[in-house]
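> My questions will all concern the structure given below.
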Amino acid sequence: MKADKVEKCRYCGRRLDAADPENRRFWPFCSDRCKMAELGLWFEDRYRISREVGEVADDAAVKPPKPPKGGKRTNSS
């Protein structure tokens, strides 16, 4: 985590300063409340894992395709 990097809470969007030790306590959330609220969304099935459990993916290495000129995406399937 970079010391000068400013990120947002994954639940409420509040700005988090990575250099502040208090923010590291609930990282990547701003508080225990946001952490538990997001966990509740998982329990309510509002989030889903999009692939089979045994399947391995490295989403960080995959870049989404660029939209064609004009800004509209096409369905490649």
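The numbers here are math on the coordinates, done by the rules we state, and not lab data. Being a predicted model, the structure only gives us computed values, none of them experimental. Because the Cβ atoms are built from the backbone with ideal geometry, glycine has one as well, and the counts that use them run over all protein chains shown.
> In sequence order, what are the phi-derived ³J(HN,Hα) couplings for region 32-37 according to the Karplus relation 6.51 cos²θ - 1.76 cosθ + 1.60 with θ = phi - 60°, rounded to whole Hz, with x for glycine and proline?
So the Karplus estimates, Gly and Pro as x, are 5, 4, 5, 4, 6, 5 Hz.
> Let me ask you something else. If you project the alpha carbons of region 1-47 onto the principal axes, what extent comes out on each, in Å, largest first?
For region 1-47, the Cα spread along each principal axis is 35, 15, 14 Å.
> Is there a quick way to get the dipole size of region 1-47? I mean about its Cα centre, with the Cβ of Lys and Arg at +1 and of Asp and Glu at -1; what is the value in debye to the nearest 20? The partial results should precede the final answer.
Numbers: 11 positive and 9 negative charges, 22 e Å.
Its charge dipole is roughly 100 debye.
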